[in-house]
Amino acid sequence: MPALPAIRVLALAGIMLVMPVYAQTPTVLDCTGPFARNADEVALAKAFGATNVKRTDIDVGEGFTESGATIFPEDPKRRIEIIWRDKSRHRQPSTIRFRQGSAWSIRLPGSGERRLAIGATLAEVEAANGEPFTILGFDWDNAGYAADWGNGALARPVGGCSLTMLFDADRGASGSALEAVSGDREFRSSDAAIRAVKPVVVRISFEWSE
């Protein structure tokens with residue numbers, strides 16, 4: 001096969017250099033770079049490609065939406081949702097999240113290459129945290145919500161934001177087992193009753209406070 005002309009090689013190299021960092025295969029997210037506290041729509045476009053970033057209204061529950069952006073809106077494996085704090089100027093993310101069906105993962109603080117992703121079990125998240133954490137009961141508005149990591153590693157995400165996760169119980173869990181861990185109550189992740197319904201992560205969110 002003949003060698004490519006030098007000019008063509010340089011042109012291809014230039015194209016590779018300007019390609020958006022995250023435009024291809026899903027990788028690892030943290031709250032740095034395009035997701036840092038003062039990031040904006042321009043940073044998202046540079047990182048993911050302008051055609052992959054759409055201004056959208058993000059569902060926040062109970063029929064309400066907030067102004068934000070969706071990255072890769074047509075691709076469930078790569079989709080990321082952002083809610084802006086400064087909605088008029090499309091900057092300062094308050095929430096960055098991905099959910100069930102996503103191929104993104106998050107880097108564990110201080111753990112080198114270890115990751116957590118959608119589908120992680122309660123035991124896997126507890127091991128990553130380094131200690132039991134608090135999870136809310138199921139079958140109500142805030143079902144399966146986890147944000148209190150105690151003094152564990154997940155209380156200090158890479159980049160300085162905060163981390164929340166949403167768990168869902170196994171579809172095969174018995175009615176009596178679910179009833180034992182339902183409602184507006186707090187459980188420890190080490191609790192045998194909560195582990196009996198085999199919760200897995202269905203949404204991961206980074207949060208920036210004001």
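Any read-out appearing in this document is the output of simple, stated calculations on the displayed coordinates, not a laboratory observation. Owing to the predicted nature of the structure, the values given are computational and were not obtained by experimental measurement. Cβ coordinates were reconstructed from backbone atoms using ideal geometry, including for glycine residues, and neighbour counts include every protein chain displayed.
When a footprinting reagent is the concern and you count Cβ atoms within 10 Å, what order do Val201, Val158 take, fewest first?
Least to most surrounded, the residues fall as Val158, Val201.
Report the local net charge at Ile204: Lys and Arg +1, Asp and Glu -1, summed over other residues whose C-beta lies under 12 Å from its C-beta.
Taking every Cβ under 12 Å from that of Ile204, the sum is +2.
Quick check: pseudo-label points 7 Å beyond the Cα along Cα→Cβ at Val60 and Asp168, how many nm apart are they?
Inter-label distance under the simple model: 2.3 nm.
Could you tally the net charge around Val28, taking each other residue with its Cβ under 12 Å from the Cβ of Val28, Lys/Arg +1 and Asp/Glu -1?
+1
Based on alpha-carbon atoms only, what is the radius of gyration of segment 25-99 relative to the globular estimate 2.2 N^0.38 Å?
Normalised Rg, Cα atoms only: 1.01.
Using modelled amide H (1.01 Å from N, peptide plane; none on Pro or chain starts), what sits under 5 Å from the amide H of Ser182, excluding residues fewer than 5 places away?
Residues meeting the criterion, in which the H sits 1.01 Å from N, are Phe138.
Using a 10 Å cut-off around each Cβ, can you sort Arg171, Arg114 from fewest to most neighbouring Cβ atoms?
Arg171, Arg114
Got a sec to turn the phi values of segment 192-203 into Karplus ³J(HN,Hα) couplings, 6.51 cos²θ - 1.76 cosθ + 1.60 with θ = phi - 60°, whole Hz, x for Gly and Pro?
My calculation for segment 192-203 gives 4, 5, 6, 5, 5, 9, 6, x, 10, 6, 10, 7 Hz in order.
Between Arg156 and Glu74, what is 0.36 nm times their sequence separation minus the Cα-Cα distance? Round to one decimal in nm.
Fully extending the segment from Arg156 to Glu74 adds 26.4 nm.
How much length, in nm to one decimal, is gained on full extension between Asp148 and Lys46, taken as 0.36 nm per residue of separation minus their Cα-Cα distance?
Contour length minus Cα-Cα distance gives 33.4 nm.
Specify the residue with the greatest mean-square fluctuation among Gly61, Gly152, Gly33, computed from a Gaussian network of the chain linking alpha-carbon atoms under 10 Å apart.
Between Gly61, Gly152, Gly33, it is Gly61 that shows the largest mean-square fluctuation.
For the chain, build the charge dipole from Cβ charges (+1 Lys, Arg; -1 Asp, Glu) around the Cα centre, then report which of Thr32, Val201, Ala143 sits farthest towards its positive end.
Positive-most Cα among the choices belongs to Thr32.
Using a 7 Å offset from the Cα along the Cα-to-Cβ direction at both Asp184 and Arg91, what is the distance between the two label points in nm, to one decimal?
With each label placed 7 Å out from Cα toward Cβ, I get 3.9 nm.
Which shape class applies to segment 108-207: rounded if a/c is under 1.5, otherwise prolate when a/b exceeds b/c and oblate if not, where a ≥ b ≥ c are the square roots of the Cα gyration tensor eigenvalues?
It is prolate, given that a/c is not under 1.5 and a/b is the larger ratio.
Take Ser174, Ser67, Ser189 and order them by how many other Cβ atoms sit within 10 Å, fewest up front.
Ser174, Ser67, Ser189
Identify which of the listed values of Rg and Dmax of the Cα atoms in Å was calculated from the structure shown: (1) 19.6, 71; (2) 16.0, 46; (3) 17.2, 55.
The value computed from this structure is option (1).
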